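See below for the structure under consideration.
The values are calculated or read from the model by the stated rules, or taken from the named source; none is laboratory data. Bear in mind the structure is a predicted one, so any value in this text is a computation, not a measurement. All Cβ positions, glycine included, derive from the backbone under ideal geometry; neighbour counts span all protein chains shown. In case anyone asks, the SASA skips ligands and DNA or RNA and just uses the protein heavy atoms, side chains included. Shrake-Rupley method; radii C 1.70, N 1.55, O 1.52, S 1.80 Å.
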Amino acid sequence: MWRDDLDELVKNATIISDLSTMHNMGTIMVNLKSQIESDNEMDKINQLVTVNLV
């Protein structure tokens with residue numbers, strides 16, 4: 001009886017930590033994506049500035 005309850009708790013805890021990890025990974029991916037996009041925007045602005053200076 002106790003053993004089954006313990007196994008179930010451990011299983012649930014593992015699932016929760018996996019979901020938490022997935023969520024964190026998702027957040028990191030979103031942050032990276034927005035970082036890349038803002039870098040691209042900066043590149044565009046730099047190109048425009050360079051063109052105007054020439």
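Can you give the accessible area of K33 in Å² (nearest 10), computed on protein heavy atoms with a 1.4 Å probe?
Accessible surface of K33 is approximately 120 Å².
With n ≥ 4 as the cut-off for DSSP H runs, can you work out [θ] at 222 nm for the chain, using -39500 (n - 2.57) per run divided by the number of residues, rounded to the nearest 500?
Calculated at 222 nm, the ellipticity per residue is -36000 deg cm²/dmol.
Helix 2-53 versus the longest principal axis of the chain: what is the Cα-based angle in degrees, 0 to 90, to the nearest 10?
0 degrees
Report the gain in length on full extension from T27 to N52: 0.36 nm times residue separation, minus Cα-Cα distance, nm rounded to one decimal.
5.2 nm
Rounded to a whole number, what % of the accessible area of the chain do carbon and sulfur atoms account for, probe 1.4 Å?
Of the solvent-accessible surface of the chain, carbon and sulfur hold 67 percent.
Would you work out which of V51, I15, Q35 lies farthest towards the positive end of the dipole of the chain, given +1 charges on the beta-carbon of Lys and Arg and -1 on that of Asp and Glu, about the Cα centre?
V51
Residues of the chain: accessible area per residue at 1.4 Å, in Å²?
In whole numbers, the chain has 96 Å² accessible per residue.
Mind sorting out which of [x] 1.23; [y] 1.74; [z] 2.33 is the real Cα Rg over 2.2 N^0.38 Å computed from the coordinates?
[z]
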